[in-house]
Amino acid sequence: MTDNTNQTIDWSLQKTMQDITVGEELSPIYIDITLQRLVMEAAANRDLSLIHHDASMAKATGANDAYANTFFLYGMIERLALEWGGLKTFIRKIGPLRMLSFNCTGDKLAFHGKVSEIIINEDTVILDVWVDNSGKVSATSQVKVILPK
Amino acid sequence: MASDKPSWGMQGTWEQTLSYVGKVVGVSQGADAVDASSVRRWLEPKEFACPLYTDEQVAIDAGYDGKIAPSTMAITYGQPTHWQAGDKRFEHGDEPIQIPIPVIFEVPAPFSLSFATSMEMEFFKPLYHGDEVTITHELVSLVEKELRVGKGAFFKQKDTYRNQNDEIVAIGILDIFRFNPVSKGDS
């Protein structure tokens, strides 16, 4: 089930290494790929490749429509991890990010994550992250974060 | 007349391609320093409201020296100018502006198309407002491969992101498959 309200994050909350359990799921983020969002994103991240905002050019490369770029997925994964962990969460590594299918205009995405590994002596948590595009996984990634003790 | 397909990089022989392995194939100087306006415009399409990026005191309380930018914005701050004084006018039929992925656009190869298959980034230092980013792009390796889409090779590009103090902010690894598509007559 999706939620189209804009979730307000309580940034006073902070996860610590003591709080985490393997298998814990992160609150998902739901976001629709509208053409306007792609245009805003291209202007902001400076990846102006036409495939990310021009349907005919995107179709010439095999996609159904203009599609979100890698930078957008990276930024959304950063948002997912930070909103879960809190302000003192340092993102050490994102990847490998594997792009399995296009995320096109008109698609509804959900960014999901869960704790897959806890490395106590390094204050490090590994998250498995995946992008659900209407029931199909369109991208996967691991994220390594450092949390306070 | 312009092609209806984007340009996919410099053409050349495989021997030329091999000669680039282990070499720096491009350096990108970011167009602008980190600032509040560019951070805000990047956050908006992601509906991402985090006070580390907008509130100096919140960032300091979280252990930083001041307001920061999202770590993944290093990619954006390493992008060069798209136009500057003296450049030609943008005209109908021009090749579209592309992001700097030198292993696609500057390493000659006997392939006509490409796509990225995987990317990873490690982050070492925060990006502070006022920081400037430079990216050094290297071709790390080539692996020939035949995939369903055609014959080609995986190109591994290593991008080292440095700030104005020559400190490494991030390192990115990008895997790109450059290939010739299977023609309709091929089995």
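Does the range B:146-180 hold any residues that are touching a helix residue (DSSP H, G or I) at 6+ places or on another chain (Cβ under 9 Å) and aromatic (F, W, Y), and which are they?
B:F155, B:Y161
Could you give me the residue pairs with C-beta distances under 9 Å whose first residue belongs to the range A:79-104 and is open to solvent by 50 Å² or more (accessible area, probe 1.4 Å), whose second residue is among the basic types (K, R) wherever it lies, and which are 6+ apart or on separate chains?
A:K88/A:K15; A:R92/A:K144; A:L100/A:K136
Cβ-Cβ distance below 8 Å, separation of 6 or more or different chains: which pairs start in the range B:125-153 with a residue that is over 23 Å from B:E106 (Cβ atoms) and modelled with pLDDT of 95 or more and end on one that is open to solvent by 50 Å² or more (accessible area, probe 1.4 Å) and among the small types (G, A, S)?
Taking only residues 6 or more apart or on different chains, the pairs are B:H129/B:A36.
Surrounded by 18 or more Cβ atoms within 10 Å (Cβ to Cβ) and more than 22 Å from B:K23 (Cβ to Cβ): which single residue out of B:P126, B:P181, B:P96, B:P102 fits that description?
Testing whether each residue is surrounded by 18 or more Cβ atoms within 10 Å (Cβ to Cβ) and more than 22 Å from B:K23 (Cβ to Cβ) leaves just B:P126.
Pairs needed: first member in the range B:57-84, within 18 Å of B:K158 (Cβ to Cβ); second member anywhere, assigned to a helix (DSSP H, G or I); C-beta distance under 6 Å; at least 6 residues apart or different chains.
As it stands, the answer is B:T72/A:Y74; B:T72/A:G75; B:T72/A:E78; B:I75/A:F71, since those pairs meet every condition given.
Within the range B:77-99, count every residue that is out of contact with any strand residue (DSSP E or B) (no Cβ under 9 Å at 6 or more places or on another chain), modelled with pLDDT of 95 or more and at the interface with chain A (Cβ under 10 Å from one of its Cβ atoms).
Qualifying residue count for the region: 0.
Which residue pairs have Cβ atoms closer than 9 Å, lie 6 or more positions apart in sequence or on different chains, and pair a first residue in the range B:107-122 that is more than 14 Å from chain A (Cβ to nearest Cβ) with a second residue that is of a type in the set (A, V, I, L, M) and not in a strand (DSSP E or B)?
B:V107/B:M10; B:P108/B:M10; B:A109/B:M10; B:A109/B:V103
Quick one: which residue in A:V145, A:V125, A:V131, A:V137 is part of a strand (DSSP E or B), open to solvent by less than 40 Å² (accessible area, probe 1.4 Å) and either free of Cβ contacts under 8 Å to residues at least 60 places away in the same chain or of a type in the set (S, T, Y) (or both)?
Going through A:V145, A:V125, A:V131, A:V137 in turn, just one is part of a strand (DSSP E or B), open to solvent by less than 40 Å² (accessible area, probe 1.4 Å) and either free of Cβ contacts under 8 Å to residues at least 60 places away in the same chain or of a type in the set (S, T, Y) (or both): A:V131.
Residue under question is B:S141, and the condition is that it be open to solvent by less than 50 Å² (accessible area, probe 1.4 Å), hydroxyl-bearing (S, T, Y) and within 14 Å of another protein chain (Cβ to nearest Cβ); does it hold?
So B:S141 does not fit the description; no.
Looking only at residues in the range B:32-56 that are of a type in the set (D, E, K, R) and touching a residue at least 40 places away in the same chain (Cβ under 8 Å), which one is most open to solvent (accessible area, probe 1.4 Å)?
That would be B:D32.
So that you can scan it fast, the table gives a plain yes or no per residue for (1) within 13 Å of the chain's Cα centre (by Cα); (2) at the interface with chain B (Cβ under 10 Å from one of its Cβ atoms):
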site	(1), (2)
A:A55	no, no
A:A63	no, no
A:A66	no, no
A:E78	yes, yes
A:F90	no, yes
A:R98	yes, yes
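Within the range A:37-78, can you find the residues that are β-branched (V, I, T), modelled with pLDDT of 95 or more and either surrounded by 23 or more Cβ atoms within 10 Å (Cβ to Cβ) or in contact with an Asp or Glu (Cβ under 9 Å, 6 or more places away or on another chain) (or both)?
The answer is A:I77, and nothing else.
The values are calculated or read from the model by the stated rules, or taken from the named source; none is laboratory data. Computed from a predicted model, the values in this text were never measured in an experiment. So basically every Cβ, Gly included, is an ideal-geometry build from the backbone, and we count neighbours across all protein chains shown. These area figures cover heavy atoms from the full protein model, side chains too; ligands, DNA and RNA do not enter into them. Shrake-Rupley method; radii C 1.70, N 1.55, O 1.52, S 1.80 Å.
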